[in-house]
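Structure, as structure tokens:
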Amino acid sequence: WLLGGGGALGAVVLLVAAARPTRGAPRAALLGLASAVCFATTAALLKEAVGRLGHGTAAMFTHWSPYATVGAGIVAFLLMQSAFGAGSLTASQPALTLGDALTSVVLGWALFAETVHLGLRMLPEAIGVVLIGAGSVGLARAPTAGRAWDASARGGDGTGELLHRLHR
């Protein structure tokens, strides 16, 4: 956990630091990727916590992992909201979707001794990654994800404008 958790924390800190001086799409992508690393870490921590249930609920709740899960989840959510507010969904969503999946694979390998089979078996996995990426880019480019929809949401009763100001 020191290697996996420390690596994830280091990656998040570096991504957030790199995002600070940038604006627009690059900032949204970097924050989306940082959020993805946190979400993948949350999933790994939850797997660790739930894995202790076989020894009883006391064994789970006296271990550090459920509390770290909550902390990582909160940070992941805040980073995701920051990514959505920093730029277009087209920039943040692919980084969030693909980053979560790829980080989960790395954490599974590093923390739970899961294996990654190379060779011809990689072809369907690579196709899956490409399809996930294409799908998330396609969804992010949908008309309801564009700036025109955001601008109309800020009009009307003023609620959208208030939410927009609070988010920034």
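The values are calculated or read from the model by the stated rules, or taken from the named source; none is laboratory data. From a predicted model like this one, the values you see are computed outputs, not experimental measurements. Positions of Cβ are backbone-derived with ideal geometry, glycine not excepted, and every protein chain shown enters the neighbour counts. For accessibility, only protein heavy atoms count, side chains too; no ligands or nucleic acids. Shrake-Rupley method; radii C 1.70, N 1.55, O 1.52, S 1.80 Å.
Annotations for the structure displayed:
- Among (1) more than 24 Å from I132 (Cβ to Cβ); (2) at pLDDT 90 or above, the one test that A76 misses: (1)
- Any hit, region 107-120, residues being touching a Phe, Trp or Tyr at 6+ places or on another chain (Cβ under 9 Å), at pLDDT 90 or above, over 19 Å from V16 (Cβ atoms) and among the polar types (S, T, N, Q): no
- Selection of first residues in region 21-35 that are at pLDDT 90 or above and of second residues that are open to solvent by 50 Å² or more (accessible area, probe 1.4 Å) and among the polar types (S, T, N, Q), restricted to Cβ pairs under 8 Å at least 6 apart or on distinct chains, gives the following pairs, ordered by first then second residue: L31/S82; S35/S82.
- Only listed residue being surrounded by 15 or more Cβ atoms within 10 Å (Cβ to Cβ), in contact with a Leu (Cβ under 8 Å, 6 or more places away or on another chain), in a helix (DSSP H, G or I) and among the hydroxyl-bearing types (S, T, Y), chosen from S104, S82: S82
- Being open to solvent by less than 60 Å² (accessible area, probe 1.4 Å), touching a helix residue (DSSP H, G or I) at 6+ places or on another chain (Cβ under 7 Å), over 22 Å from M80 (Cα atoms) and of a type outside the set (D, E, K, R) is a property that does not hold for A126.
- Filter result for L139 (at pLDDT below 85, surrounded by 14 or more Cβ atoms within 10 Å (Cβ to Cβ) and either touching a strand residue (DSSP E or B) at 6+ places or on another chain (Cβ under 7 Å) or within 21 Å of L96 (Cα to Cα) (or both)): yes
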